[in-house]
Amino acid sequence: MDKLLSLVCSQTGIDEPTAKKALGALLRFLKDQTAKTDFDFDAKILAHLDGSKSLMDDDTAKEVVEKAETGESSVGGGFIGTAFSLVWSLLKTFGILVMLKQLLQPIFGDYAVKLIDGFEEGAEIASIFSSLGIDRSQGMTMMHTVVDFLKDKLDSDTMDALGDQIPALKVFLSEGKKKD
């Protein structure tokens, strides 16, 4: 974890305490997303990241992820961020995303569901970062750094399985494949 933390700090310009909170929250969020599936996040991911459990168990990480998953935290500041947060909260509160998935799934199949899930997860990740004072550019760089770090540590089957479980990660995984 120390190496990943150092990479995140140097590549994003985020200070170490904030980077620790962000990594803990991100790992907690990813684990929560895979908890609904048969993907063993602890064995396949966390076992390769010494010290990750303590980051995930941090109270800030728990709180930030919970707020992002329930739509309580905001994404960005100003009018656009506030408007997006309001719309996002309404979509989650009234179950519109669930209805949209149910409507589009028979027409477009599982692709539509994964697309909406990816959008939802991406917004939650952005919300996590934003609540910690991390801007969009830093958040994107952090995601690339974490995914690249995991690619170096894990086999491609594990990374593909992780991407299948968390559609928002597919973007970062596929970008790396395009470069190869």
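The values are calculated or read from the model by the stated rules, or taken from the named source; none is laboratory data. Nothing here was measured: the structure is a model prediction, and the numbers come from that model. Every residue, glycine as well, gets a Cβ built from its backbone with ideal geometry; the counts of neighbours run over all protein chains shown.
Among the residues of region 14-39, just one is buried (at least 21 other Cβ atoms within 10 Å of the Cβ) and assigned to a loop (DSSP other than H, G, I, E, B), namely I14.
The residue of region 14-50 that is modelled with the highest pLDDT, among those that are hydroxyl-bearing (S, T, Y) and more than 13 Å from the chain's Cα centre (by Cα), is T18.
Residues in region 121-180 that are part of a helix (DSSP H, G or I), among the acidic types (D, E) and within 19 Å of M1 (Cα to Cα): D148, D152. For region 65-87, the criterion of a residue being modelled with pLDDT of 85 or more, buried (at least 20 other Cβ atoms within 10 Å of the Cβ) and either among the aliphatic types (A, V, I, L, M) or over 14 Å from I128 (Cβ atoms) (or both) is satisfied by at least one position.
Restricting T158, T141 to residues that are over 18 Å from S52 (Cβ atoms), touching a residue at least 60 places away in the same chain (Cβ under 8 Å) and not small (G, A, S) narrows the list to T141.
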